[in-house]
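Novice: Starting off with a structure, shown below.
Just so it is clear, none of the values below were taken in a lab; they were calculated from the coordinates. Please read these numbers as outputs of a predicted model, since none were measured by experiment. Glycine gets a Cβ as well: all are built from the backbone with ideal geometry, and neighbour counts include every protein chain shown.
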Amino acid sequence: MTDRLGRSIDYLRISVTDRCNLRCAYCMPPDGVPALRHGEILRYEEILRVVRILSKHGIRHLRITGGEPMARRGCLDLVRSLRGIPGILSVAMTSNGALLDGRIGEAAEAGLTGLNLSLDTLNRETYAALTRGGDVEAVKRTLEQAVAHGIPTKLNAIPMRGINEGELTELAGLAKRLPVCVRFIELMPIGCAGDLVPIPLPEVVARLTEAFGPLPEDTAIHGKGPAAYVRPEGFQGSVGFISALSHEFCERCNRVRLTADGMLKLCLNHARGLDLREMLRSGAPDGEIESAMCAAIAEKPARHNFQERIADRERRRMNEIGG
């Protein structure tokens, strides 16, 4: 499936819930946010129906997100069902990791093909403050369990001034000790994240070079995302950089999103999309839903426009959109 600009769209991110067991400073305000009511969230059978239709048009790779996906009961059963859909090649998950502690074996058995763990700091006190109550030790255990079960694992860290700038080399060093990818992601100015100060990625690169020496390019393929990877000498894993603002990669964007409340979202920073929940629950046949999705994806915005004022700018928080 291609859009009007000729970009091949083969990747769908599926948010299964807007709820989370943490309240990360760049995602939610201190008191949390009102959660969607149960009836407002797509049922698992509705998600499966959407994926079955899109799989006929080239969607091959799925990522389960939230909120925190493991906060929704039956999430791993959904993984198992998605893996059974013809044409689907991978089903990965983005998680804060806490609720996966002790359940990685179950995730592997369900067919999870990859795991991205949000881990901005290894310090117990900093993690508790940043997440407003989280336990970093649970995430560390999940990381070790994932490696032990052979699930390809990436760690996502957002460099933030005054929060984790003293830990960047320690975080990157996890890829020296373990066969994982540690990815430094540019802070996205959405919702609460606008109140934080990012550390520019060139500064991160400079610090890592000082600590580890030259950073030769790693040309191995590490999934379907836009990260650029390096592998310093002596590292088992790799270090990646995702710079959606300073080094825009919109011209090769291959993804769309399905929000927990059923919106087929075409671009992270654009509010417009297709209300699939209404179609799914109004009795629309597969053919009508299929035509509507293909027409919407064909009009996927050319750019995210984060640095410009646009009329349809996304105003929802990341937990409402899907991480």
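Novice: Over the chain, with a Gaussian network built from C-alpha contacts below 10 Å, which listed residue (ILE242, ILE158, ILE85) shows the highest mean-square fluctuation?
Specialist: ILE85
Novice: Please give the contour-minus-distance gain from GLU137 to ASP261: 0.36 nm per residue of separation, less the Cα-Cα distance, rounded to one decimal in nm. Kindly include the intermediate steps, with their values, before the conclusion.
Specialist: Working: separation 124, 0.36 × 124 = 44.64 nm, distance 3.20 nm.
Extending this stretch completely gives an extra 41.4 nm.
Novice: Are there trypsin sites (Lys or Arg not before Pro) in region 59-102 that DSSP marks as loop and that have at most 13 other Cβ atoms within 10 Å, and which are they?
Specialist: On the way: sites: ARG60, ARG63, ARG72, ARG73, ARG80, ARG83; in loops: ARG60, ARG72, ARG73.
Filter output for region 59-102: ARG73.
Novice: Could you line up HIS61, HIS38, HIS222 from fewest to most neighbouring Cβ atoms inside 10 Å? If you can, show how the numbers build up before the last one.
Specialist: Values: HIS61 20, HIS38 7, HIS222 16.
The fewest-first ordering by Cβ neighbours comes to HIS38, HIS222, HIS61.
Novice: Would you give the gap between the C-alpha center of region 105-144 and the C-alpha center of region 160-182, rounded to a whole Å?
Specialist: After rounding, the separation between the Cα centres reads 14 Å.
Novice: Could you pull out every residue, at least 5 positions away or on a different chain, whose amide H is within less than 5 Å of the one on ASN21? Hs are placed 1.01 Å off N in the peptide plane, and Pro or chain starts have none.
Specialist: GLU68
Novice: Within a Cβ distance under 15 Å of ARG231, other residues only, what is the Lys/Arg minus Asp/Glu net charge? All intermediate terms of the calculation are to be shown ahead of the outcome.
Specialist: Details: positive: LYS154, LYS176, ARG177, ARG183; negative: GLU217, ASP218, GLU233.
After counting each charged neighbour, the total is +1.
Novice: Nearest 5 percent is fine: what portion of the DSSP beta bridges confined to the chain is antiparallel?
Specialist: Numbers: 12 of 42 bridges.
Of all bridge pairs located within the chain, approximately 30 percent are antiparallel.
Novice: Continuing with this model, one more query. Would you mind calculating the gained length between ARG281 and THR2 on full extension (0.36 nm times residue separation, minus the Cα-Cα distance), in nm to one decimal? Write out the running numbers ahead of the final one.
Specialist: On the way: separation 279, 0.36 × 279 = 100.44 nm, distance 2.70 nm.
Here the answer is 97.7 nm.
Novice: Related question: The list [x] 18.7, 55; [y] 19.0, 60; [z] 23.3, 76 gives values of Rg and Dmax of the Cα atoms in Å, and only one came from this structure; which label was calculated from it?
Specialist: For Rg and Dmax of the Cα atoms in Å, the calculated option is [y].
Novice: Let me ask something additional. So who's got an amide H within less than 5 Å of the one on ASN116, skipping anything under 5 residues away but keeping other chains? H placed 1.01 Å off N, in plane.
Specialist: Result for ASN116 returns MET93, THR94, SER95, LYS154.
Novice: Now for a different question. Taking neighbour Cβ counts within 10 Å as the exposure measure, how do THR121, THR113 sort from fewest upward?
Specialist: Working: THR121 22, THR113 19.
If I rank by nearby Cβ atoms, fewest first, I get THR113, THR121.
Novice: Let me ask you something else. If r is the Cβ-Cβ distance from GLU109 to LEU48 and R0 is 25 Å, what FRET efficiency results, to the nearest 0.05?
Specialist: Working: r = 19 Å, r/R0 = 0.77.
E between GLU109 and LEU48, to the nearest 0.05, is 0.85.
Novice: Let me ask something else. Enter the angle in degrees (range 0 to 90, nearest 10) between the Cα long axis of helix 136-148 and the first principal axis of the Cα atoms of the chain, meaning the one along which they spread out most.
Specialist: With rounding to tens, the tilt is 80 degrees.
Novice: Along region 122-129, what does the Karplus equation 6.51 cos²θ - 1.76 cosθ + 1.60 (θ = phi - 60°) give for ³J(HN,Hα), rounded to whole Hz, x for Gly and Pro?
Specialist: Listing the rounded values in order: 9, 7, 4, 6, 5, 5, 4, 6 Hz.
Novice: A follow-up question, please. Quick one: 3J(HN,Hα) in Hz for region 94-110, Karplus 6.51/-1.76/1.60 with θ = phi - 60°, rounded, Gly and Pro as x.
Specialist: Whole-Hz 3J(HN,Hα) from phi for region 94-110: 10, 8, 7, x, 5, 7, 8, 4, x, 10, 5, x, 5, 5, 5, 5, 6.
Novice: Please report the relative contact order for region 11-321, taking Cα pairs under 8 Å with a sequence separation of at least 6, and give it as a percent rounded to a whole number. Don't skip to the answer; put the middle values down first.
Specialist: Working: 578 pairs, mean separation 59.4, N = 311.
Relative CO of region 11-321 lands at 19 percent.
Novice: Further, regarding this structure: Top mean-square fluctuation among GLY66, GLY262, GLY225, Gaussian network model of the chain, C-alpha springs under 10 Å?
Specialist: With Cα springs under 10 Å in the chain, the top fluctuation among GLY66, GLY262, GLY225 is at GLY225.
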